[in-house]
Amino acid sequence: MQKEAKVGDLILCKRCQQGDIGALEELYKRHKDKVYALAIRLTNNVQDAEDIVQDVFVQVHRKINSFRGDAAFSSWLYRIATNISMSALRQRQRRRKAQTSEYVQAGGHQAQGNDTRLLKPFLEEAIASLPPKSRMVFVLHDVQGFQHQEIAQMLNCSVGTSKSQLHKARSHLRKTLRSRLSLISAMVNVPVGEA
């Protein structure tokens, strides 16, 4: 089934390269949910994820002629998606730094932004707290199921770097979740076992 999907993607890509907009629409229908799932996991923000999906397929349209078919279309697509997601994360970080700077300069206090975050599942919060590259590798490997070789191609890094980033992500998640569980345990006065 996967092999048939890959062949179907290649045929659709060839048609796109010949100017067939219907083929691009079919690629969009086939892959939009997967791209959205990746984007929401990486950004933890619905609006950003929706924007990323649109940006990804605009880029696919623009760059379809550069797709040679050496690798699976999905690998090429995920590379575009991860690059655009990383860009969105960098922009968000710049906006936060600018907002923080404005609050400090105005002598004001930062709004309590953690209220809504406390309502989110702890795992989602922990994933969102990962550094962008570690989060990217963690989501691609442990959530999306890609192998390190595929991730290395998508992120233009070595397999060793992919493995290292995954190790860092998992260590960070263990530490973060362990401290959260200890905090919850102290609040409700229930002992937490070793994690």
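The values are calculated or read from the model by the stated rules, or taken from the named source; none is laboratory data. This one's a predicted model, so the numbers in the text were calculated from it and none came from an experiment. Positions of Cβ are backbone-derived with ideal geometry, glycine not excepted, and every protein chain shown enters the neighbour counts.
Here are 32, 6: which of them is at pLDDT below 90, surrounded by 12 or more Cβ atoms within 10 Å (Cβ to Cβ), in contact with a helix residue (DSSP H, G or I) (Cβ under 8 Å, 6 or more places away or on another chain) and not hydroxyl-bearing (Ser, Thr, Tyr)? Among 32, 6, only 6 is at pLDDT below 90, surrounded by 12 or more Cβ atoms within 10 Å (Cβ to Cβ), in contact with a helix residue (DSSP H, G or I) (Cβ under 8 Å, 6 or more places away or on another chain) and not hydroxyl-bearing (Ser, Thr, Tyr).
Considering only residues that are at pLDDT 55 or above and not in a helix (DSSP H, G or I), look in segment 63-119 and name the one that is surrounded by the most Cβ atoms within 10 Å (Cβ to Cβ). Here the answer is 67.
Evaluating residue 191 against the criteria (1) within 16 Å of the chain's Cα centre (by Cα); (2) of a type outside the set (Asp, Glu); (3) modelled with pLDDT under 70 leaves one unmet condition, (1).
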